[in-house]
Amino acid sequence: MIKAVRGTRDLLPPETALWNFVESAARDVFRAYNFQEIRTPIFEATELFARGVGEETDIVAKEMYTWEDRGRAASDSGQSLTLRPEATAGIVRAYIEHKLWDRGLNKLYCIGPMFRRERPQKGRYRQFYQIDAEVIGPASAGSDSPARDAEVLEMLATLLDRLGISDWNLELNSVGTPADRVQFNAALRKALEPLVAQMCTDCQRRAVTNPLRVFDCKVPEDQPIIDTLPRITQFLGEDSRKHFDAVQEILTRVGVSFRINERLVRGLDYYTRTAFEFTHGALGAQNAILGGGRYDGLSEALGGPAAPGIGFAIGEDRLVMSLKETAEGVVRKPDVYVAPLGAGMNGEAAKLARELRHHDVVVELGDDAFRLKKSFEAATKAGAKYILIVGENEVKADAFALKNLATGEQVSVPRGELAQRIQG
RNA sequence: GUGGGAAUAGCUCAACUGGCAGAGCACCGGACUGUGGCUCCGACGGUUGCGGGUUCGAUUCCCGUUUCCCACCCCA
C-alpha cells in the first residue's frame, strides 16, 4: 500500500469543515482591516530563502526541500529550487518584483502550505499550513509606524477571540535593530564567558553559535545564571525603545492584554524590533500558535528598496487543534434528502433537486433503486432535516410529501412552496 | 539529527508464562412491498505495520526496518 509520506497527512471530512471555518473567519477579519489576498508560488529560487531567512538559521541550514531543477535546453541552465518553508520571503520578493511600493502601504495575506524537513511531532508536520499576513511599504506610507504593529496585534486578538480561542497569551518583545543586536550579542558573549562552563551542554553550544538562544533554555539549574545576563532592552537604541513604548501604549489603550517577555527571541534572521508570539496551552511542546514581528531590512537584503514591514504566520494546524469547536458543530448538513420512489423517478427527483439547489437549499439526492425504508435510513445518516418523497402520486399532483425527520411531522407541499418551506 | 513509547478488523481496544486471532461500534443484508431513528437476527470484515531470527508452534521472545506518539532541537 502506498501511504502518505512521513510528516504529511490527509485532511478528511468532517475535519476539513473546521479548516474552512478557520479560513473563512480569517478572511472576514482580514477584510475588516483592509487586508487583501496575495498568492505566491509554492516553490522559489533557493537563493531567496538563503538570503531572506538567513543561511545560519536551522530552516535554511537543514530543513529545506531543495532540488536542482535541470534545464531542458542549452539556453536553459537549470537552477536550485526550494519548496517554501515560510511565506514572508516570497511576498517580499513579489513586492520588489512588481514594484508594489507604487501602491503605498500594502496589507496582504496568504493562506497555504509550507514545507520543512523536521522530525514530525504533534503540531509539527513536514507539510503544514500557515495563515500569513504582512504590512509592507515605503516608510513614507506609514509602514514603519508603531500604529501598524499594534493594528496587526489587535487584529490577531480579534481573530482568536472570534474563533472562540479565549485562553491565549500574547508575548511581546523588541529585538532591536541589527546594530542594537551586534552590541547586545557582544555583551552577551562577554557575560557568558565566565559562566558558560557551569551551564548545560546545549547552552555551551549556543554560547558559541547563537548566544541569543541561551534565553530559550529550559533547564532549571541554568535559570539563575540566565537571570543575571544582560537583556536586549538595555541595548535598544532610542528609536527602537520609543517605537516599542508606542506599540505597548496603543495595545493598552485598545484593551489587548500582553506580557513583555525579554527572553523571546526568534529563529529567523530577518526579524527586527517588535517580535511576538501567541501561545496556547494544550498544544504540548509546540505551544506557539502563531509568531511574527518586524523585518525592516528584509527588502533591502533581497535587493529591493527600503521597505519596513511587519507580519505574522499562524500555524493553522495548531490553530485547528486548539479550537473548542468540533467538526460536527460547523459542518453544514443537508437541509433535505430528496428520495425518488419507484422506477424511473430519478429524473423527476433530479429536476426537483436542481430547483431547490438554485434556491441555496443544501440537497442530498437518493436513488430510485432504494426502497423507501433505505431512503429514510440514508436521510437520517446524512443528518438531513427533511426528507422529500418524489413518487408517482406526488408527481401527478405536483405536490410532494415533505417530512421533518426530527418531529415526524409530514405535509404535502406544492412544488412552488418547497424551497421556502424547507428554509423556513 | 538524539532519546523514549507504541503499532492487532474501517474505528476504539482485548487475547494469562509462547498454544485455534476476539469484542463493542461502524458498514451491508433481513425481520418491515410508500415511512427512518429503537429493537432483534444474520453476513462481511485480518499477510497481527514490514523483513528476518529463535521455537514443534510467535500477536506474544530477539534483531532490523517503517510509521505514529512523547520529549530534545527548532519553529508555526
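Quick note: the coordinates plus some simple rules give every number you see, no bench work behind them. From a predicted model like this one, the values you see are computed outputs, not experimental measurements. Note: ideal-geometry Cβ built from the backbone for every residue, glycine included; neighbour counts use all protein chains shown.
Hey, can you rank A:48-57, A:123-132, A:182-191 by average C-beta count inside 10 Å, highest first?
On the way: A:48-57: 18.3, A:123-132: 20.3, A:182-191: 15.7.
Highest-to-lowest ranking by the protection proxy: A:123-132, A:48-57, A:182-191.
May I ask you to evaluate 6.51 cos²θ - 1.76 cosθ + 1.60, the Karplus curve with θ = phi - 60°, for each residue of region A:41-52 and list the ³J(HN,Hα) values in order in whole Hz, giving x for glycine and proline?
Each residue's phi maps through the Karplus curve to give x, 7, 10, 9, 4, 3, 4, 4, 6, 4, 7, x Hz.
Once all Cα-Cα distances of region A:332-423 are split into 5 Å bins that start at 0, what whole-number percent is in each one?
3, 16, 29, 30, 18, 4, 0
Using packing as a proxy for protection, rank A:104-112, A:78-86 so that the peptide with the highest average count of other Cβ atoms within 10 Å comes first. Spell out each step's value before the answer.
Numbers: A:104-112: 19.4, A:78-86: 17.4.
Result, highest mean first: A:104-112, A:78-86.
Give a residue-ordered list of calculated ³J(HN,Hα) values for region A:227-237 (Karplus: 6.51 cos²θ - 1.76 cosθ + 1.60, θ = phi - 60°; whole Hz; x for Gly, Pro).
Each residue's phi maps through the Karplus curve to give 4, 8, 6, x, 10, 4, 3, 6, 10, 5, x Hz.
Leaving out same-chain residues fewer than 8 places away, which aspartates and glutamates sit with a Cα under 19 Å from that of residue A:385?
A:328, A:335, A:355, A:360, A:364, A:367, A:377, A:409, A:417
To make sure I understand, if each residue's beta carbon is the centre and we count other beta carbons within 10 Å, what order do A:145, A:77 fall in, fewest to most? Each step should come with its number before you reach the end.
Working: A:145 19, A:77 8.
Ordered from fewest to most neighbouring Cβ atoms within 10 Å, A:145, A:77 come out as A:77, A:145.
Treat every Asp and Glu Cβ in chain A as -1 and every Lys and Arg Cβ as +1, leave all other atoms uncharged, and give the resulting dipole magnitude about the Cα centre to the nearest 20 debye. Each step should come with its number before you reach the end.
Details: 55 positive and 60 negative charges, 149 e Å.
About 720 debye.
Quick one: order A:380, A:40 by neighbouring beta-carbon count within 10 Å, fewest to most. Let's see the in-between values first.
On the way: A:380 13, A:40 19.
Least crowded to most crowded, the residues run A:380, A:40.
For region A:332-423, what is the charge dipole size about the Cα centre, in debye to the nearest 20, if Lys and Arg each add +1 at the Cβ and Asp and Glu each add -1 at the Cβ? Spell out each step's value before the answer.
Details: 14 positive and 13 negative charges, 54 e Å.
Using only the charged Cβ atoms, the result is roughly 260 debye.
Please check: in the Gaussian network model of chain A (C-alpha springs, under 10 Å), which one of A:146, A:13, A:178 has the largest mean-square fluctuation.
Per the Cα network of chain A with a 10 Å cutoff, A:13 tops the list.
Taking the highest mean first, how do the peptides A:333-342, A:159-168 order by number of other beta carbon atoms within 10 angstrom per residue?
Working: A:333-342: 22.1, A:159-168: 16.1.
By packing density, highest mean first, the sequence is A:333-342, A:159-168.
Compare the Cα positions of A:307, A:255, A:326 along the charge dipole of region A:235-375 (+1 at Cβ of Lys, Arg; -1 at Cβ of Asp, Glu; about the Cα centre) and return the one farthest towards the positive end.
Most positive-ward Cα: A:326.
Between the alpha-carbon centers of region A:371-408 and region A:27-73, tell me the distance in whole angstrom.
Value for the Cα centre distance between the two parts: 52 Å.
At a Cα cut-off below 21 Å, give the lysines reachable from residue A:324, other chains included and same-chain residues fewer than 8 away excluded.
Result set, ordered by chain and number: A:122, A:333.
Per residue of region A:346-360, in order, report the coupling 6.51 cos²θ - 1.76 cosθ + 1.60 (Karplus, θ = phi - 60°) as ³J(HN,Hα) in whole Hz, putting x for Gly and Pro.
4, x, 4, 5, 5, 5, 5, 4, 4, 4, 5, 5, 5, 9, 6
Taking 0.36 nm per intervening residue step and subtracting the Cα-Cα distance, what contour gain separates residue A:202 from residue A:3 on full extension?
Details: separation 199, 0.36 × 199 = 71.64 nm, distance 3.61 nm.
Length difference between fully extended and current span is 68.0 nm.
Relative contact order for region A:279-381 using alpha-carbon pairs under 8 Å, separation at least 6, rounded to a whole percent? Numbers along the way, then the final one.
Working: 116 pairs, mean separation 20.6, N = 103.
Value for region A:279-381: 20 percent.
Pull up all non-local amide H partners of residue A:64: gap of 5 or more, or a different chain, and H-to-H distance under 5 Å with H placed in the peptide plane.
Sorted by chain and number, the residues that satisfy this are A:117.
Can you give the extra length, in nm with one decimal, that the chain gains between residue A:119 and residue A:288 once fully stretched, where that is 0.36 nm per residue apart less the Cα-Cα distance?
On the way: separation 169, 0.36 × 169 = 60.84 nm, distance 1.71 nm.
Between residue A:119 and residue A:288, full extension yields 59.1 nm more.
Neighbouring Cβ atoms within 10 Å as the yardstick, rank A:388, A:290 fewest first.
Working: A:388 30, A:290 24.
Arranged by neighbour count, lowest to highest, A:388, A:290 become A:290, A:388.
Which loop-located trypsin sites (Lys or Arg not before Pro) does region A:314-371 contain, where loop means any DSSP state but H, G, I, E or B and the Cβ has at most 13 other Cβ atoms within 10 Å?
Counting only loop positions with at most 13 other Cβ atoms within 10 Å, the trypsin sites (Lys or Arg not before Pro) in region A:314-371 are A:324, A:332, A:371.
How many angstrom lie between the C-alpha centres of region A:76-106 and region A:283-333?
18 Å
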